[in-house]
Amino acid sequence: MVILDTVFDLFSKERRRYVLYYLDQQGGSVSVEEVIEQVADWETENSHKDIPDEKFDRIELSLRHTHLPKTAEVDFIEYLPDEGTINVHGSPTEFDAIVTIAKTIEQPDKSN
């Protein structure tokens, strides 16, 4: 089981929670670009195509260098920056439950 302190640390930043919400709803292997675009959409409440380049670049930099590597601190998330993918495999049901509850509490509209 994932240590509770690790889970709370992962959920301590909104941008990282958005990553976890998206990974949870997609499952399996996801492209880094796809994650970046979805997080940018949720964070700005716009399509990533309508976000100024400078803001989008800041979101992308933060995700690639801080938040995505941080998510890979748990055994069931693998961040492969050279391949441009994030793989989720065998997440514990307890972790899945926490993601679901957090997403429901924070932003019910993060399900699309």
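Numerical summary
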| read-out | value |
| --- | --- |
| Pick from segment 75-97, criterion at pLDDT below 90 and of a type outside the set (D, E), ranking: farthest from G28 (Cα to Cα) | A97 |
| Any hit, segment 71-78, residues being without any contact (Cβ under 8 Å) to a residue 40 or more places away in the chain, of a type outside the set (K, R) and either surrounded by 17 or more Cβ atoms within 10 Å (Cβ to Cβ) or assigned to a helix (DSSP H, G or I) (or both) | no |
| Hits in segment 1-12 - residues which are touching a helix residue (DSSP H, G or I) at 6+ places or on another chain (Cβ under 7 Å) and either assigned to a loop (DSSP other than H, G, I, E, B) or under 14 Å from Y79 (Cβ atoms) (or both) | M1, V2, L10, F11 |
| Considering residues of segment 13-53 that are assigned to a loop (DSSP other than H, G, I, E, B) and over 12 Å from the mean Cα position of the chain (by Cα) only, the residue nearest to E106 (Cα to Cα) | E45 |
| Failed criterion for E106 (all others in (1) in contact with a strand residue (DSSP E or B) (Cβ under 9 Å, 6 or more places away or on another chain); (2) modelled with pLDDT under 95 hold) | (1) |
| Restricting segment 26-70 to residues that are in contact (Cβ under 8 Å) with a residue 60 or more places away in the chain and either buried (at least 18 other Cβ atoms within 10 Å of the Cβ) or in contact with a helix residue (DSSP H, G or I) (Cβ under 7 Å, 6 or more places away or on another chain) (or both), the residue that is farthest from F11 (Cα to Cα) | W42 |
| Pick from segment 4-53, criterion among the polar types (S, T, N, Q) and over 12 Å from T71 (Cα atoms), ranking: modelled with the lowest pLDDT | N46 |
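The values are calculated or read from the model by the stated rules, or taken from the named source; none is laboratory data. Everything numeric here is computed off the predicted structure, so don't read it as measured data. Quick reminder, even Gly has a Cβ in these numbers, built from the backbone with ideal geometry, and neighbours come from all protein chains shown.
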